[in-house]
Amino acid sequence: MIRETWQVKPAFRLALVYLFLLTLLVVILPWLPLPFQPNELDLEQVFRKPFAWDTYQSDRPFHWLGTDALGRDVLVNTLYGARTALVISLPVMLLTTFLGLLLGAAAGLYGDHKAAMSRARLLMGLISLFFIGYYGIFMPLQLARLKFETTAFIPALSFALLVPAFLLIGMTPFLKQWPYLRQKVAIPLDQLVLRLIETLTSIPKLILILVLASFASPSLLLLSLLLILTYWTGIARLARAETLRIREMPFFEAATSIGVSQPQLIYRHVFPNLLPPVMVSFVFGLAGLMMLESTLSFLNIGVSTELVSWGRMIAGIRSYTSAWWLVVFPGAFLSLTVLALQTCSYYLLRVSQDKV
């Protein structure tokens with residue numbers, strides 16, 4: 001179906017070609033022979049207009065798309081702004097999709113009564129959440145606020161992974177020696193996920209990110225964590241609804257009746273049927289993340305000033321409202337990228353609906 005759409009829909013073809021070329025540009029950008037570096041200052045060429053041949057000096061590189069208030073080249077910064085947008089939005093959307101898919105599918109499949117575990121594992125799981133929250137979220141935020149180097153995050157993240165693994169794998173069998181801790185209890189997984197989704201969606205994402213970002217200085221890691229923690233709810237809601245629909249399908253009931261294990265049900269029946277709608281939501285969410293990142297950069301929130309961003313470039317017009325090129329070129333790249341992503345998500349949605 002995707003091949004047929006590629007052949008008969010020129011808009012889908014143009015969108016994919018544009019996204020491929022943009023990704024290729026981002027990958028090879030460090031090796032391109034650009035005349036300037038990102039954020040390189042040229043104070044003698046402040047607010048230079050695009051294609052200003054009358055100011056061209058043969059002994060100096062030419063600013064094809066003009067400069068901003070500090071003489072930074074608009075062309076180079078626009079290209080590196082695309083790199084920043086993809087570096088932030090793509091990994092964040094991948095992790096967001098994984099988290100939302102995991103929680104949503106688990107909530108829809110197990111409900112409130114099918115998920116059960118021993119009291120020992122539940123106790124170790126709750127303690128593990130404390131270590132994950134402290135060493136995996138709180139400590140990195142503090143290190144980012146104090147502007148530590150990237151290597152300083154390794155011990156904290158290592159503790160966030162190793163300590164829960166030790167508690168769940170090493171301590172749980174030891175605690176199961178006591179009969180009380182060996183007994184299993186039902187976990188209302190569906191209600192927990194729904195209440196968490198309702199809590200996060202009741203607050204506008206931008207306001208929540210503004211509040212959370214006020215506790216630490218702007219950094220790429222901080223922005224990525226904030227986006228992951230606030231953006232997974234849409235994927236989770238979709239995955240839960242689709243899982244509930246799949247549970248009522250005849251093939252799923254037949255597989256359950258013949259005794260297929262839960263992991264096989266998830267791997268063979270749930271995830272393959274979840275992928276088409278989740279893929280559509282992934283592409284659409286990628287466009288939303290790019291717009292949100294540009295909005296936060298425009299407000300000088302989240303992204304460090306050392307990184308070039310389309311939103312921060314557009315914000316430069318506030319110091320000189322006649323510098324139209326500071327809005328047109330990065331704004332055009334942002335608009336084209338979002339339009340291409342939304343075009344792809346539209347046709348992918350139609351393909352998934354035709355399969356159903």
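The values are calculated or read from the model by the stated rules, or taken from the named source; none is laboratory data. This structure is a prediction, so every number in the text was calculated from the model and none was measured. FYI the Cβ positions are ideal-geometry reconstructions off the backbone, even for glycines, and counts take in every protein chain you see. When the accessible area is computed, the model is the full protein with side chains, heavy atoms only, and any ligands, DNA or RNA have been set aside. Shrake-Rupley method; radii C 1.70, N 1.55, O 1.52, S 1.80 Å.
Annotations for the structure displayed:
- Test: GLU4 is acidic (Asp, Glu), more than 23 Å from the chain's Cα centre (by Cα) and outside any loop (DSSP other than H, G, I, E, B): yes
- Inter-residue pairs, beta-carbon under 7 Å, first open to solvent by 40 Å² or more (accessible area, probe 1.4 Å) and part of a helix (DSSP H, G or I) and in the stretch 214-242, second among the polar types (S, T, N, Q) and at pLDDT 90 or above, 6+ apart: TYR231/THR96
- Single match in GLY100, GLY111, GLY104 (criterion: in contact (Cβ under 8 Å) with a residue 12 or more places away in the chain and on the phi > 0 side of the Ramachandran plot): GLY111
- When restricted to residues that are within 15 Å of LEU102 (Cα to Cα) and open to solvent by 80 Å² or more (accessible area, probe 1.4 Å), the stretch 253-267 contains 2.
- Residue-level check: of (1) more than 22 Å from LEU221 (Cα to Cα); (2) in a loop (DSSP other than H, G, I, E, B), LYS147 misses just (1).
- Failed condition for ARG13, given (1) out of contact with any helix residue (DSSP H, G or I) (no Cβ under 9 Å at 6 or more places or on another chain); (2) assigned to a helix (DSSP H, G or I); (3) among the charged types (D, E, K, R): (1)
- Just so you know, in the stretch 309-325 the residues that are open to solvent by 10 Å² or more (accessible area, probe 1.4 Å) and in contact with a Pro (Cβ under 7 Å, 6 or more places away or on another chain) include one that is farthest from LEU70 (Cα to Cα), and it is ILE314.
- Unmet criterion (only one of (1) assigned to a helix (DSSP H, G or I); (2) closer than 30 Å to LYS49 by Cβ; (3) not charged (D, E, K, R)) for VAL308: (1)
To keep it simple, each residue is scored yes or no on (1) within 20 Å of LEU229 (Cβ to Cβ); (2) buried (at least 16 other Cβ atoms within 10 Å of the Cβ).
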| position | (1), (2) |
| --- | --- |
| PHE131 | yes, yes |
| TYR134 | yes, no |
| LEU141 | yes, yes |
| LEU161 | yes, no |
| LEU167 | no, yes |
| PHE174 | no, no |
| ARG182 | no, no |
| ILE197 | yes, yes |
| LYS205 | yes, yes |
